[in-house]
Amino acid sequence: MEAALELQGVSKRYRYFSLEPLSLSLQPGQILGLVGPAGAGKSTLLRLILGLVHADAGQIRVLGQPMPTAQALAKADVGYVSRDMGLFGSATLDWHMRWVASIYPGWDEALAQRLLKHFALHPGQRARQLSSGERMKALLLLTLARRPRLLLLDEPTSGLDPVARQEILGELLAVVEDPARTVLLSSHHTQDIERICDRIAFLDRGRLVADDDTDSYLQRWRRLSLDLPVDGVLPDVAGTVELRRDGRSAVLLTADYQPTLEAALSAAGITVHQSQRLTLEEIFVASVMQHRQERGE
Amino acid sequence: MITRAMVALVRKDLYLYRWLIVGTLVGGMLALWLSDLDGNVSLAGHILLVTAIVVLGVILAVHGPLSERQAQSYSFVLSLPVSIGQAAAARVLGSLSGFLLAWAPLLLVVLTLHDGPSGELAWFVGLMVFLLANFGLLLALTVLGRNELWSVTGIVVSNTAVPLFQLLALPALTRGADGELAWTPQLFLTLSGLLLAAALALGLALLFTSRRDVS
């Protein structure tokens, strides 16, 4: 099956930031969360995918189309919403809906009307009168009603109040239920990503730090509280990211937890007091710190 | 090739600036009527005509892109099925259409009011064509420019050029052998050169814009 999104060795260099060669593939129906701190390169990556920025090296294909050369063709099936995006201030939402519908033959008017009600938006309201939450909902409405095959969302819930955030997340959860829809969601809200995405990539300082299934992250990363034997010897544990020792007690953070690990530790005379799963946020922070340490940054 | 999305972008510009276009048309008609009267009223008509067309040009060429940048609606435009080059071309077409929608009927009125081979017609047509070329150059500068400095520079240069042309160049270009206002080869040559320069500047601006990143 043709990938919905394919990046091979894509890099981009700016004066004070560079996106290091990055390869990524997204199959139709996958929901990828892109997590990274501010300035990690998430927006740059999305702009490269959309063809708004030319890569210095590498290749990008969106729905089989080479970017940025075929961006007009590719974007007919791509929906892009960014937290920085705005509408035409003096025009009403109703005008925006009719205007976008005139561009997309597949415009879903029933969905647009449903979202209008669900988001409690008023068609006669001018774009400049919308709050940031309403603006984001309006943008999402205008994007989802186009029925795009690939949805690119750049921090759509950033800076929104909790209610607006939940409303938008609720709608996104409905979107990702459609198996034909591919989504790339960038956010630094790890809770949002965890709820929606089935795959997560961590980006830090322009580098792809990790890329795996959501469940796999949550399975593999564990914090183990240990009681060491009298000699205090702790055998090497695969994937150890952090080890803190205090006398015969130790707390070990591993990125490669296997169900057999606890038995192996017991055999070595080590008591496992607690085996604790990490939250995605903890996994993200630990991954980034480990990656920076490995690179001597 | 002009795509459905490009047509929509042109329609968008015409919709957003519809009242400005209508206002310019009404103001321009009033100015032309005044310019046909005698004395100081005629002078006021000339000034009003030039002001109306210059304001239209500045708002279409400068305010449009600036407000889209501030409201970040340009990002929304680029999420539509258009390339960066197509979006820039649509902006040029939209602004140019808006300008011509007011400029062309006013020129028609000029041709009607000053019917016949009078030198006054040469002066008016010369001024109108100069205002069109001036708008084209300003538009090229704002399409190419990436920040407000370009726009401010464009406005200053454009607004300085209008009175200079009107007061210094146009009288010289329309002075016939007998010293009266007349159509002259220099006028044709200058206006053709200005229109060509504006078309070239717009073409180059679109070429550069389509090949660079969106800031």
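The values are calculated or read from the model by the stated rules, or taken from the named source; none is laboratory data. Please read these numbers as outputs of a predicted model, since none were measured by experiment. As a convention, Cβ positions derive from the backbone with ideal geometry for all residues, glycine included, and neighbour counts pool all protein chains shown.
Out of segment A:219-263, which residues are hydrophobic (A, V, I, L, M, F, W, C) and surrounded by fewer than 13 Cβ atoms within 10 Å (Cβ to Cβ)?
Listed by number, the residues that qualify are A:230, A:233, A:238, A:263.
Could you give every pair whose Cβ atoms fall below 9 Å, whose first residue belongs to segment B:187-201 and is closer than 15 Å to residue B:169 by Cα, and whose second residue is among the charged types (D, E, K, R) and outside any helix (DSSP H, G or I), counting only separations of at least 6 or pairs across chains?
none
To keep it simple, each residue is scored yes or no on (1) within 14 Å of chain A (Cβ to nearest Cβ); (2) among the β-branched types (Val, Ile, Thr); (3) within 20 Å of residue B:103 (Cβ to Cβ).
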site	(1), (2), (3)
B:130	no, no, yes
B:133	no, no, yes
B:141	no, no, yes
B:158	no, no, yes
B:168	no, no, no
B:184	no, yes, no
B:187	no, no, yes
B:193	no, no, yes
B:212	yes, no, no
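Sort out which residues of segment B:149-187 are assigned to a helix (DSSP H, G or I), of a type in the set (A, V, I, L, M) and over 29 Å from residue B:62 (Cα atoms), and write them in order of number.
Narrowing segment B:149-187 to residues assigned to a helix (DSSP H, G or I): B:149-173, B:185-187.
Retained after the next criterion (residues that are of a type in the set (A, V, I, L, M)): B:149, B:152, B:155-157, B:161-162, B:164, B:167-170, B:172-173, B:187.
Matches in segment B:149-187: B:172, B:173.
So if I check each of B:25, B:37, which one is away from chain A (no Cβ under 14 Å) and not in a helix (DSSP H, G or I)?
Exactly one of B:25, B:37 is away from chain A (no Cβ under 14 Å) and not in a helix (DSSP H, G or I), namely B:37.
Looking only at segment B:90-137, filter to residues that are of a type in the set (D, E, K, R) and part of a helix (DSSP H, G or I); which one of those is surrounded by the fewest Cβ atoms within 10 Å (Cβ to Cβ)?
Within segment B:90-137, the subset of a type in the set (D, E, K, R) is B:91, B:115, B:120.
Subset that is part of a helix (DSSP H, G or I): B:91, B:120.
Working: B:91: 27, B:120: 17.
Here the residue is B:120.
Just a yes or no: is a residue in segment A:19-38 over 16 Å from the mean Cα position of the chain (by Cα) and within 14 Å of chain B (Cβ to nearest Cβ)?
Yes: one or more hits.
All but one of (1) within 14 Å of chain A (Cβ to nearest Cβ); (2) exposed (fewer than 13 other Cβ atoms within 10 Å of the Cβ); (3) of a type outside the set (A, V, I, L, M) hold for residue B:178; state the number of the condition that does not hold.
(1)
Please work out which one of (1) under 19 Å from the mean Cα position of the chain (by Cα); (2) more than 30 Å from residue A:140 (Cβ to Cβ) is the condition residue B:113 fails and give its number.
Checking residue B:113 against (1) under 19 Å from the mean Cα position of the chain (by Cα); (2) more than 30 Å from residue A:140 (Cβ to Cβ), the one that fails is (1).
So, of the residues in segment B:58-73 that are surrounded by 18 or more Cβ atoms within 10 Å (Cβ to Cβ), of a type outside the set (S, T, N, Q) and farther than 14 Å from residue B:134 by Cα, which turns out to be farthest from the other protein chains (Cβ to nearest Cβ)?
B:65
If you go through segment B:41-57 one residue at a time, do you hit one that is outside any helix (DSSP H, G or I), at pLDDT 90 or above and buried (at least 19 other Cβ atoms within 10 Å of the Cβ)? Break it down into steps so the answer makes sense when it comes.
In the first step, residues of segment B:41-57 are kept if they are outside any helix (DSSP H, G or I); the result is none.
So far as segment B:41-57 goes, no, none of its residues is outside any helix (DSSP H, G or I), at pLDDT 90 or above and buried (at least 19 other Cβ atoms within 10 Å of the Cβ).
Please go through segment A:52-67 and give me each residue that is closer than 13 Å to residue A:5 by Cα, crowded, with 16+ Cβ neighbours inside 10 Å and in contact (Cβ under 8 Å) with a residue 12 or more places away in the chain, ordered by number. Walk me through it before giving the result.
Going through segment A:52-67, the residues closer than 13 Å to residue A:5 by Cα turn out to be A:59-67.
Now drop any that are not crowded, with 16+ Cβ neighbours inside 10 Å, which leaves A:60-63, A:65, A:67.
Scanning segment A:52-67 gives A:60, A:61, A:62, A:63, A:67.
Look at residue A:211 and say whether it is assigned to a loop (DSSP other than H, G, I, E, B) and of a type in the set (Asp, Glu). So that I can check it myself, show each step before the final result.
Details: assigned to a loop (DSSP other than H, G, I, E, B): no; of a type in the set (Asp, Glu): yes.
So residue A:211 fails the test.
For segment A:74-96, name all the residues that are within 7 Å of chain B (Cβ to nearest Cβ) and part of a helix (DSSP H, G or I).
A:75, A:76 - these are the residues of segment A:74-96 that are within 7 Å of chain B (Cβ to nearest Cβ) and part of a helix (DSSP H, G or I).
Of a type in the set (Lys, Arg) and surrounded by fewer than 19 Cβ atoms within 10 Å (Cβ to Cβ), is that true of residue A:126? Reasoning before the result, please.
Working: of a type in the set (Lys, Arg): yes; surrounded by fewer than 19 Cβ atoms within 10 Å (Cβ to Cβ): yes.
Yes, satisfied.
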